[in-house]
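Contents: one structure, followed by commentary.
The values are calculated or read from the model by the stated rules, or taken from the named source; none is laboratory data. It should be emphasised that the depicted structure is a prediction, and the values quoted were computed from it without experimental measurement. When we count neighbours, we look across all protein chains shown, and the Cβ atoms used for this are built from the backbone with ideal geometry, even at glycine. In case anyone asks, the SASA skips ligands and DNA or RNA and just uses the protein heavy atoms, side chains included. Shrake-Rupley method; radii C 1.70, N 1.55, O 1.52, S 1.80 Å.
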Amino acid sequence: MINVLMFGPPGSGKGTQSVTLAEKYNLLHLSTGDMLRAELKAGTGLGKKMEAIMAAGELVPDEVVIEMIAQKIDSTTGKKGFVFDGFPRTVEQAEALQKMLEVRGMKIDLMLVLEVNDVELMDRMKKRALVSGRADDADEAVINNRIEVYRSKTEPVIEYGRSTGVSRQVDGVGSIEDIFDRLCSHIETII
């Protein structure tokens, strides 16, 4: 089993690339946002626990998110591993994820970090807003804030990946296909 963490600022293409990498390598694409919404919609025990937390205006605690991921990993069959899309977002989450994986005889094998300059990110999100209708992608102040939050909160996780030897910087500018090929070249080194 291989576990790949996909990182990049908002608009870097990590979601698009994660899905395609999962398809190519028979990995399960894990987006914690999608998983949270699915648990809530299904009304599972975990979903009800999260609903109560969110109704109180609180963030879902790391241990609940890790529990949700653990349940997904434990219930998945027929896959060669997992692509974590935008998770973990903090060093504490990265450490908790690593511990949870170790209990299962697994580890974080690779952290792919898409590097895209701010001007390109702004352009991509504005284009995405036109296609998707997402208001948060059309407002420059919101975009700048999302990028700043990523830089201040999530970039320390990348440093954690460097310190453990799993982080790889990937040029995230170019065609979707060229970026995909760059990502694949790193995955090929671990399979």
For the range 86-92, 3J(HN,Hα) per residue [Karplus equation, 6.51 cos²θ - 1.76 cosθ + 1.60, θ = phi - 60°, Hz, x = Gly/Pro]: x, 9, x, 9, 9, 4, 4
Can you give the accessible area of D171 in Å² (nearest 10), computed on protein heavy atoms with a 1.4 Å probe? 80
Give the cross-link partners of K126 among the lysines, using a straight C-alpha distance below 22 Å as the criterion and excluding same-chain residues fewer than 8 apart. K14
Carbon and sulfur: what percent of the range 1-107's accessible surface (1.4 Å probe)? 53
Springs between alpha-carbon pairs under 10 angstrom, Gaussian network model over the chain: which of Q71, Q17, Q93 fluctuates most? Q71
Amide H within-cut-off set for H29, under 5 Å, with H built and near neighbours excluded: V83
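To the nearest 0.05, what FRET efficiency results for A55 and K127 with a Förster distance of 30 Å applied to their C-beta separation?
The pair A55/K127 has a calculated efficiency of 0.30.
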V173 versus E92: modelled label distance in nm, points set 7 Å from Cα along the beta carbon direction: 3.6
Would you please give the residues with an amide H less than 5 Å from that of M111, counting only those at least 5 places away or on a separate chain, with H modeled from the backbone geometry? L5, S167, R168
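Apply the a/c threshold of 1.5 to the C-alpha gyration tensor of the range 142-186 and tell me whether it is rounded, prolate or oblate.
On the way: a/c = 4.50, a/b = 1.20, b/c = 3.76.
It is oblate, given that a/c is not under 1.5 and a/b is not larger than b/c.
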For the range 20-80, how big is Rg over Rh, using alpha carbon atoms and the Kirkwood form of Rh? 1.04
I'd like the Karplus ³J(HN,Hα) series for the range 165-179: coefficients 6.51, -1.76, 1.60, θ = phi - 60°, whole numbers in Hz, and an x wherever there's a Gly or Pro. x, 9, 7, 10, 7, 10, 4, x, 10, x, 6, 4, 5, 5, 5
Rolling a 1.4 Å sphere over the protein heavy atoms, what is the accessible area per residue of the chain, to the nearest Å²? 52
Work out from phi, with θ = phi - 60° and the Karplus expression 6.51 cos²θ - 1.76 cosθ + 1.60, the ³J(HN,Hα) of each residue of the range 67-83, listed in order in whole Hz, and give x for Gly and Pro. 4, 4, 5, 4, 4, 5, 4, 5, 9, 8, 10, x, 10, 8, x, 9, 10
Could you work out, for the range 63-124, what percent of all Cα-Cα pairs fall into each 10 Å distance bin, beginning at 0 Å and stopping at the bin that holds the largest distance? 17, 47, 21, 14, 1
List the residues whose amide H sits under 5 Å from the amide H of T44, counting only those 5 or more places along or on another chain, with H placed 1.01 Å from N in the peptide plane. none
Obtain the nm distance between the two label points defined at D62 and T189 by a simple spin-label model: each point lies 7 Å from its Cα along the Cα-to-C-beta direction. 2.7
CD proxy at 222 nm, helix term only [per DSSP H run n ≥ 4: -39500 (n - 2.57); per residue of the chain; nearest 500]: -17500 deg cm²/dmol
Find me the longest stretch of the chain that has none of the exposed GluC sites (Glu not before Pro), where exposed means in a DSSP loop (not H, G, I, E or B) with at most 16 other Cβ atoms within 10 Å. 59-187
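Report the rotationally averaged projected area of the range 68-191 based on its alpha-carbon convex hull, in square nanometres.
Average of the hull's projected areas for the range 68-191 equals 9.1 nm².
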Centroid-to-centroid separation of the range 133-176 and the range 34-58 [C-alpha atoms, Å]: 26
